[in-house]
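This report concerns only the one structure given below.
The values are calculated or read from the model by the stated rules, or taken from the named source; none is laboratory data. In this text the structure is predicted, and so the values were computed from the model without any measurement. Neighbour counts are summed over all protein chains in view; Cβ atoms, including those assigned to glycine, are modelled from backbone coordinates with ideal geometry.
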């Protein structure tokens with residue numbers, strides 16, 4: 001059963017989708033029904049440890065060696081979201097998937113993350129590229145001060161921002177615009193879905209409800225969000241042992257570890273093994289959402 005199918009039908013009875021509270025409730029219930037989100041709430045330290053362990057490979061495996069961030073920043077430039085010298089806060093920045101191309105585009109970036117190893121890798125990559133426009137901050141976003149405010153506040157694949165309260169907190173950091181980068185709910189690489197279902201024995205998380213609920217609440221509350229969908233063909237091509245280690249550490253978050261799980265991971269990767277690498281044809285599908293931060297008016 002998918003996340004959407006788990007939602008209480010009563011949510012849609014005697015409710016008005018034009019009411020922001022409709023989307024607040026819908027989003028809360030969807031998060032409560034999400035296997036992945038429940039894990040993030042119940043085991044934050046396990047997730048922190050995972051990100052620390054994979055900080056060396058995260059840029060390549062999930063940032064696509066910088067391609068993802070470059071495409072997104074190019075689109076942001078086309079939409080007029082960036083200009084040289086603008087102040088950008090990158091919340092949950094990881095190893096710099098967005099911060100590095102933002103700095104290359106001339107932005108002054110504050111890169112916020114609570115995982116020191118991720119920031120260490122960001123600083124290493126920035127040094128290799130000769131980028132000086134990035135300031136890293138290692139702390140929880142709950143402790144990050146609201147001032148000074150930034151021209152653009154961006155959260156790319158940052159789970160803690162994906163709720164009404166999260167969006168409102170992002171707005172509190174902005175004197176201009178707020179942006180989100182989210183998945184569209186599509187998984188283009190079959191081995192990921194297969195591993196998830198075989199090892200965790202639960203339906204694969206689609207995550208698409210975040211995009212629907214974010215847009216629904218933003219529209220209902222009068223914020224008039226903008227949406228751009230970016231999709232491109234891509235190839236997953238990485239060393240076998242790097243991929244194996246990444247997913248071994250990932251499934252350990254959920255208590256799935258040991259020789260049996262390791263054999264399952266290797267078996268799932270075997271059809272895509274070419275020598276000592278994992279290669280798969282697929283694609284990337286992302287959504288870029290942005291809107292003007294409220295100025296304290298009567299927005300709900």
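Summary of values
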read-out	value
Unmet requirement for residue 102, which otherwise passes all of (1) modelled with pLDDT of 90 or more; (2) not in a helix (DSSP H, G or I)	(2)
Filtered residues of the range 265-281 (kept if in contact (Cβ under 8 Å) with a residue 40 or more places away in the chain and surrounded by fewer than 16 Cβ atoms within 10 Å (Cβ to Cβ))	271, 277, 279, 281
Single unsatisfied condition, residue 1 versus (1) over 27 Å from residue 221 (Cα atoms); (2) part of a loop (DSSP other than H, G, I, E, B); (3) at pLDDT 85 or above	(3)
Subset tally (residues that are more than 15 Å from residue 152 (Cβ to Cβ) and in a strand (DSSP E or B)) for the range 275-294	11
Evaluation of residue 83 against (1) in a helix (DSSP H, G or I); (2) farther than 20 Å from residue 206 by Cα (one fails), failing number	(1)
The range 158-190 - residue that is farther than 30 Å from residue 224 by Cβ and touching a strand residue (DSSP E or B) at 6+ places or on another chain (Cβ under 6 Å) and, of those, modelled with the lowest pLDDT	188
Scope the range 203-233; condition over 25 Å from residue 74 (Cβ atoms) and in contact (Cβ under 8 Å) with a residue 24 or more places away in the chain; matching residues	203, 205, 206, 209, 213, 216, 217, 220, 221, 222
3 or more residues modelled with pLDDT of 85 or more, surrounded by fewer than 18 Cβ atoms within 10 Å (Cβ to Cβ) and out of contact with any strand residue (DSSP E or B) (no Cβ under 9 Å at 6 or more places or on another chain): qualifying helices (runs of 4 or more DSSP H) within the range 21-64	44-53
Residue list for the range 246-264, filter: touching a residue at least 40 places away in the same chain (Cβ under 8 Å) and under 27 Å from residue 182 (Cβ atoms)	246, 247, 249, 250, 251, 252, 253, 254, 256
